[in-house]
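The values are calculated or read from the model by the stated rules, or taken from the named source; none is laboratory data. Remember, predicted model here, so these are calculated numbers, not experimental data. Methodologically, a virtual Cβ is constructed for each residue, glycine included, from the backbone with ideal geometry; neighbour enumeration extends over all protein chains shown. Heavy atoms of the whole protein, side chains included, go into the accessibility calculation; ligands, DNA and RNA do not. Shrake-Rupley method; radii C 1.70, N 1.55, O 1.52, S 1.80 Å.
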Amino acid sequence: EAGVAQSPRYKIIEKRQSVAFWCNPISGHATLYWYQQILGQGPKLLIQFQNNGVVDDSQLPKDRFSAERLKGVDSTLKIQPAKLEDSAVYLCASSLYPGFYGYTFGSGTRLTVV
Amino acid sequence: ELKVEQNPLFLSMQEGKNYTIYCNYSTTSDRLYWYRQDPGKSLESLFVLLSNGAVKQEGRLMASLDTKARLSTLHITAAVHDLSATYFCAVVHNTDKLIFGTGTRLQVFP
């Protein structure tokens, strides 16, 4: 089966610009997650979707971050405006039955804000 | 709020030696994952531990889970250079959220 697809792989932007990341989960996986991984740290959960509904966005900085999952398949994560501290790898993961059947991670998007 | 801590954060070990990485978590959970991450790469699933007392082994790595102590261990036997990577434990929280530990960066030298 195809894995979790993410694009772009790399992005460099100036602070105060906007940026968007795209994720296509494994077919049939209803649950989708976005994680932020700052260099040298473990991934931090930003938002969780179940189909096209948000389950948990308590860790999402909503003043600048937004995410959507239209039609319960692809998802986009947007940052506007970006800050220097947003430099990180943004990982998308999906799961068929969270907690039981594992989580598959994409390759991530490495964002550098200068 | 669930907290997941690993120690050590950094581990430099000689080939052929044994060592253990510890993962402690703060609230009840009976499911835990171990992942490997190579520099610039995504996360590779190593083990999933689904119950108290679970033990899984793959090659030179063995993972165990003690849910009563809220502790998981990843034991490395006779380390080789190819095991050099960062290892994360991740605890399932509220049935469906994966919360990651701080990571242990392992370097194996000749």
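Some observations on this one:
- Counting lysine pairs in the protein assembly as shown whose alpha carbons fall under 13 angstrom apart, excluding pairs fewer than 8 residues apart on the same chain, gives 6.
- Each part reduced to its alpha carbon centroid, segment A:57-75 and segment A:85-114 end up 13 Å apart.
- The Cα-based radius of gyration of the protein assembly as shown, divided by its Kirkwood radius, gives an Rg/Rh of 0.98.
- Among A:Ala82, B:Ala54, B:Asn7 the positive-end extreme of the charge dipole of the protein assembly as shown (Cβ point charges): A:Ala82
- Taking Cα centre as origin and charging only the Cβ of basic (Lys, Arg, +1) and acidic (Asp, Glu, -1) residues, the dipole magnitude of chain B rounds to 100 debye.
- Sulfur and carbon atoms: percent of accessible area, chain B [1.4 Å]: 50 percent
- Legend: mean number of C-beta atoms from other chains within 10 angstrom of residue C-beta atoms, peptide A:91-99, equals 3.
- Charge-dipole axis of segment A:1-66 as Lys and Arg at +1 and Asp and Glu at -1 on Cβ define it, positive-most pick from A:Trp34, A:Gln50, A:Ser7: A:Ser7
- Alpha-carbon centroid distance for the pair segment B:1-51 / segment B:57-110, whole angstrom: 3 Å
- Here each label is just a point 7 Å from Cα along the line to Cβ, and for A:Ile38 and B:Asn18 those points are 3.8 nm apart.
- Across chain B the C-alpha pair distances fall into 10 Å bins from zero in the proportions 16, 50, 29, 5, 0 percent.
- Remark: the B:Ser51-B:Thr73 segment gains 6.5 nm on full extension, using 0.36 nm per residue and subtracting the alpha carbon distance.
- With a 1.4 angstrom probe, the accessible area lost at the A-B interface totals about 1500 Å².
- Carbon and sulfur %, accessible surface of segment A:5-113 computed with the full protein complex present, 1.4 Å: 51 percent
- Solvent-accessible heavy-atom area per residue, rounded to whole Å², over the protein assembly as shown at 1.4 Å: 50 Å²
- Debye equation applied to the C-alpha atoms of segment A:28-104, log10 I(q)/I(0) at 0.14, 0.24 Å⁻¹: -0.44, -1.18
- Remark: the Cα gyration tensor places segment B:45-110 in the prolate category, a/c being 1.5 or greater and a/b exceeding b/c.
- Peptide B:91-104, shielding by other chains (average Cβ, 10 Å cutoff): 5
- For residues of B:33-44, the mean tally of beta carbons on other chains within 10 Å: 4
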